[in-house]
Amino acid sequence: MEQRALGRSGLMVSRLALGTMTWGRDTDSDDAAAQLKAFVAAGGTLVDTADVYSGGDSERLLGELLGDVVPRDEVVVATKAVVRPDHPRRRDASRGHLLDALDASLRRLGTDHVDLWQLHAWDPRTPLEETLSALDTAVSSGRARYAGVSNYSGWQTAKAAAWQAAWPGRARITATQMEYSLLERGIEREVLPACLDAGIGILPWSPLGRGVLTGKYRGGTPADSRGASPHFERFVGRFLDERSAGIVEAVAIAADGLGVSPLAVSLAWVRDRPGVTAPVVGARTVGQLLGSLQIEDLTLPDSIVKALDDVSEPDAGYPERSGS
């Protein structure tokens, strides 16, 4: 698998990342081990988790597999902190909480450092300089090698990046995780330009439009799909509308013409967008993951890219498009 620099940094990662949000809940240890083996065998290196995934069990399961299934030094481990689902303060980016959360993540992962530590969400109650100072401490202490953000708006991304770049020795923002797919191109208005300017690599989450771009919902909602799950019904339902259906049909037509799957077309499209380092692909089973790993040699023809760009073009006006 091709390796890419993470933003404007020296960290090289695979151009697909393995997401582990379902590990420890929908994905058991055997399936997780099979996924990790298949991912590394395909040349994958970047594995993404978070302290809140499955209540910490995702990190714990990944930690159990590192060393036993694959060597720790063959994997780039990324995790996140900020979100506290069962706490009155749902987002806590205070210095104390962040550093405590990082130490807890390291214990669950069974390692002395993570390669990429990300702020999972913006916290409006904590001064940004306090939040970012936790990134500085994490990197300077060796507990994290690189720092990133996630789900930040354009101005939030630009402000954090500018603050960290303003003084030597601060931990630069090297990556951001944002939802990005043919069904969700909102980051192109403000976040993407900010990242290109600051040299921040984009790690798209849900690059398959929450599963809708695979075409599985074209004939209705399968009983065993996320769309039928009480936990994910609203999550998937956002893209079960007329506009999304038109995009899914365009993807299916392109896939038929190329002799590949709609998954392959959708994933290749986002993987090769400007500013993107590595889409984060998650799967419940190794069989599902293999479909994503088989697109390495696929490059979409320019004519198909343009057709998909046109049919999925996001709404935008002033000031993103001056003069419109």
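The values are calculated or read from the model by the stated rules, or taken from the named source; none is laboratory data. Every value quoted in this text rests on a predicted model; they were computed, and no experiment measured them. Note that we place each Cβ from the backbone using ideal geometry, even for glycine, and neighbour counts take in every protein chain shown.
The table below gives the values:
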{"read-out": "Considering residues of the range 275-296 that are closer than 15 Å to residue 44 by Cβ and assigned to a loop (DSSP other than H, G, I, E, B) only, the residue nearest to the chain's Cα centre (by Cα)", "value": "279"}
{"read-out": "Subset of the range 79-94 (residues that are buried (at least 24 other Cβ atoms within 10 Å of the Cβ) and either without any contact (Cβ under 8 Å) to a residue 24 or more places away in the chain or under 19 Å from the mean Cα position of the chain (by Cα) (or both))", "value": "79, 80, 81, 82"}
{"read-out": "Residue within the range 18-28 that is buried (at least 21 other Cβ atoms within 10 Å of the Cβ), of a type in the set (Asp, Glu), out of contact with any Gly (no Cβ under 8 Å at 6 or more places or on another chain) and part of a loop (DSSP other than H, G, I, E, B) present", "value": "no"}
{"read-out": "Hey, residue 5 of a type in the set (Gly, Ala, Ser), within 18 Å of the chain's Cα centre (by Cα) and farther than 17 Å from residue 283 by Cβ or not", "value": "yes"}
{"read-out": "Answer from 316, 268 - the residue that is of a type in the set (A, V, I, L, M), out of contact with any strand residue (DSSP E or B) (no Cβ under 8 Å at 6 or more places or on another chain), outside any helix (DSSP H, G or I) and within 16 Å of residue 180 (Cβ to Cβ)", "value": "316"}
{"read-out": "Qualifying residue in the range 254-263 (condition: modelled with pLDDT of 95 or more, of a type in the set (S, T, N, Q) and not in a helix (DSSP H, G or I))", "value": "yes"}
{"read-out": "The range 176-227 - residue that is part of a helix (DSSP H, G or I) and of a type in the set (Gly, Ala, Ser) and, of those, modelled with the lowest pLDDT", "value": "227"}
{"read-out": "Residue satisfying all of: in the range 234-247; in a helix (DSSP H, G or I) and free of Cβ contacts under 8 Å to residues at least 40 places away in the same chain; surrounded by the fewest Cβ atoms within 10 Å (Cβ to Cβ) among these", "value": "242"}
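Yes/no per residue for (1) free of Cβ contacts under 8 Å to residues at least 24 places away in the same chain; (2) within 25 Å of residue 17 (Cα to Cα); (3) polar (S, T, N, Q); (4) crowded, with 19+ Cβ neighbours inside 10 Å:
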site	(1), (2), (3), (4)
112	no, yes, no, no
117	no, yes, no, yes
154	no, yes, no, no
166	yes, no, no, no
